[in-house]
Amino acid sequence: MLKIRGVVLGLLLATMAHAQNLQIDLANLREDVRGLSQRLSELTLRLEQVEAENRDLRSKAGTAEKNYATLSQLNDSVADLNRTIKTATAATKTETMQQVATQIDRLAKQTNAAIDALAKNMATRPTVQSFSDDYSKEGVSYTVVKGDTLAVIAKKTGAKQQDIINANKISDPSKIQVGQTLFIPGGK
């Protein structure tokens, strides 16, 4: 259960770190879109200026032929502006999509590397032993002598071997040492 929590926590932290990088990248993309919107506003303003100039030319022109030529010029200018806007929008869209694809690939590689590192870390982690508190809290002290094992001590004192392990939090029962003092739950 602790291993799963550790993996989940590690994945969550790695994902959060990658999410922060993605947020920065998203903010950069938003700034690019803001810049394009500003450029579009500038082009719209220029179009309005051209239309205003066209109105002035129409009012100054006295003949229908001149009006027709001015209207043609205005139509050409509008068409040119539309082409410019479409070209700029398409180029920006393509560039933005390429940047997003590159960033997504980079984030995917980083995420995979983080997951691999977590998996390797979990594979090399020693198992954590837990000790039960389900043993008698009354007992005696016992000093280990030469030739003692936990089984021998349990037999001598009438206690359960697992209770001795839990009470003294012994992770490796084969490594008790002569002179070591142990608490023997319920022992005599």
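Throughout, read-outs are computed from the coordinates displayed, never taken from laboratory work. What you see is a predicted model, and the numbers here were worked out from it, not measured in a lab. Note: ideal-geometry Cβ built from the backbone for every residue, glycine included; neighbour counts use all protein chains shown.
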Residue 22 paired with residue 59, simple spin-label distance in nm, labels 7 Å along Cα-to-beta-carbon:
5.6
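How long are the three semi-axes of the equivalent ellipsoid of the range 2-124, in whole Å, if each is the root of 5 times an eigenvalue of the C-alpha gyration tensor, listed from largest down? It would help to have the intermediate numbers written out before the result.
Working: eigenvalues 686, 29, 8 Å².
Equivalent ellipsoid semi-axes, largest first: 59, 12, 6 Å.
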A chain fully extended from residue 93 to residue 188 at 0.36 nm per residue, minus the present Cα-Cα distance, gains in nm 25.9 nm
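How high is the relative contact order of the chain, given as a whole-number percent (alpha carbon pairs under 8 Å, six or more residues apart)?
Values: 127 pairs, mean separation 39.6, N = 188.
Computed value for the chain: 21 percent relative contact order.
Listed here are the pairs 3/155; 146/169; 155/175; which of them are more than 27 Å apart at the Cα?
Values: 3/155 36 Å; 146/169 21 Å; 155/175 18 Å.
In this structure, 3/155 exceed 27 Å between Cα atoms.
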In deg cm²/dmol, rounded to the nearest 500, the helical mean residue ellipticity at 222 nm of the chain, built from -39500 (n - 2.57) for every DSSP H run of length 4 or more, is -26500 deg cm²/dmol
Which of 87, 181, 112, positive extreme of dipole for the chain (C-beta unit charges):
181
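Within 10 Å of each residue's Cβ, count the other Cβ atoms and sort 5, 55 from fewest upward.
5, 55
Using the Cα centre of the range 2-124 as the reference point, and only Cβ charges (+1 on K/R, -1 on D/E), how large is the resulting charge dipole? Debye, rounded to the nearest 20. Walk me through the intermediate numbers first.
On the way: 16 positive and 14 negative charges, 110 e Å.
Dipole of the range 2-124, to the nearest 20 debye: 520 debye.
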If you line up the Cα atoms of the range 140-188 on their principal axes, what length do they span on each, largest first, in Å?
22, 19, 15
